[in-house]
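Participant: Would you mind keeping the following structure in view while I ask a few things?
Derivation of every value follows stated rules applied to the coordinates shown; laboratory data play no part. Bear in mind that the values here come from a model prediction, so they are computed numbers and not experimental data. Quick reminder, even Gly has a Cβ in these numbers, built from the backbone with ideal geometry, and neighbours come from all protein chains shown.
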Amino acid sequence: MRIGLYPGTFDPVTLGHTDIIRRACKLVDRLVIGVAVNSGKGPLFSLDERVNMIEQESRSINGGTEIVVHPFRNLLIDCAHDVGATVIVRGLRAVADFEYEFQMVGMNRAMDPSVETVFLMADAKYQPIASRLVKEIALLGGDISSFVSPEVKEALLAKIGKA
Ligand code: ADP
């Protein structure tokens with residue numbers, strides 16, 4: 001049984017993330033979505049809220065792959081060991097993501113060469129989406145309908161007092 005780990009902050013989960021989840025499901029038998037607890041990013045949504053939103057989004061993904069949402073606060077490579085993952089899945093957007101991801105792979109590989117990292121690209125229409133920008137656009141009153149699901153949109157607008 002091949003287990004993959006897709007880690008992130010998911011603050012909140014976007015259509016870019018769900019596109020990557022859908023693609024990752026084609027590669028593994030179980031996909032663990034690792035939700036980072038203490039992200040340096042200072043999340044807007046609480047851990048529970050982020051976990052609940054991903055669980056809700058994952059329900060719409062059909063297929064044989066089991067999807068599990070797993071909060072983690074330790075090292076990514078240790079989280080991979082904890083959940084039995086041999087593959088780490090990351091989404092790759094433009095060049096901006098590359099430098100950071102390149103370093104992460106190198107460091108993780110030094111810690112455990114048996115865990116492989118694979119990069120997936122979202123469909124072109126989802127590639128520019130970033131949680132940080134979605135939050136900024138929402139705060140400034142822009143329409144975020146093409147970046148997140150209707151449920152996440154509602155949750156985000158409620159969170160920032162714009163519902
Ligand atoms: P963000 O970078 O938007 O704050 P996360 O830290 O939650 O989001 O990202 C988790 C993973 O999902 C990372 O590998 C990130 O590169 C990837 N990802 C996020 N948005 C997209 C997107 N629109 N297309 C492809 N990958 C993405």
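Participant: Given the chain, what count of lysine pairs have C-alpha atoms under 28 Å apart, with each pair 8 or more places apart or on different chains?
Facilitator: Eligible lysine pairs with Cα atoms under 28 Å apart amount to 15.
Participant: Based on DSSP loop calls and a cut-off of at most 13 other Cβ atoms within 10 Å, the longest stretch of the chain free of exposed trypsin sites (Lys or Arg not before Pro) is what? Could the numbers behind the result be given before it?
Facilitator: On the way: sites that count: Arg2, Lys26, Lys41, Arg59, Arg73, Lys162.
The answer is 74-161.
Participant: Right, another one. Kirkwood hydrodynamic radius, the chain, all distinct C-alpha pairs: what's the number in Å? Present the calculation step by step, with values, prior to reporting the outcome.
Facilitator: Numbers: mean 1/r = 0.0619 Å⁻¹.
This gives a value of 16.1 Å.
Participant: Normalised by the number of residues in segment 3-124, what is the relative contact order in percent for Cα pairs under 8 Å and 6+ residues apart? Each step should come with its number before you reach the end.
Facilitator: Details: 177 pairs, mean separation 39.8, N = 122.
Worked out over segment 3-124, it gives 33 percent.
Participant: What is the distance, in nm, between label points placed 7 Å from the Cα along the Cα-to-Cβ direction at Glu101 and at Glu49?
Facilitator: 2.8
Participant: Under 11 Å from the Cβ of Val68, count the other residues' Cβ atoms, weight Lys and Arg +1, Asp and Glu -1, and hand me the total. Please list the in-between numbers first.
Facilitator: Working: positive: Arg30; negative: Glu55, Glu66.
Local charge sum for Val68: -1.
Participant: A further question follows. Taking the Cα centroid of segment 1-65 and of segment 118-136, what is the distance between the two, rounded to the nearest whole Å?
Facilitator: 13
Participant: Which semi-axis lengths, in whole Å and largest first, follow from the square roots of five times the eigenvalues of the Cα gyration tensor of segment 1-41?
Facilitator: With the √(5λ) rule applied to segment 1-41, the semi-axes are 20, 13, 5 Å.
Participant: Let me ask something else. If we count every other residue with Cβ under 12 angstrom of Ala85's Cβ, Lys/Arg +1 and Asp/Glu -1, where does the sum land? Display every interim value, and only then the final one.
Facilitator: Values: positive: Arg2, Arg30; negative: Asp29, Asp78, Asp82, Asp112, Glu116.
The answer is -3.
Participant: Suppose every Lys and Arg Cβ carries +1 and every Asp and Glu Cβ carries -1, with no other charges. What dipole size does the chain come out with about its Cα centre, to the nearest 20 debye?
Facilitator: Values: 18 positive and 20 negative charges, 41 e Å.
Using Cβ point charges on Lys, Arg, Asp and Glu, the chain gives about 200 debye.
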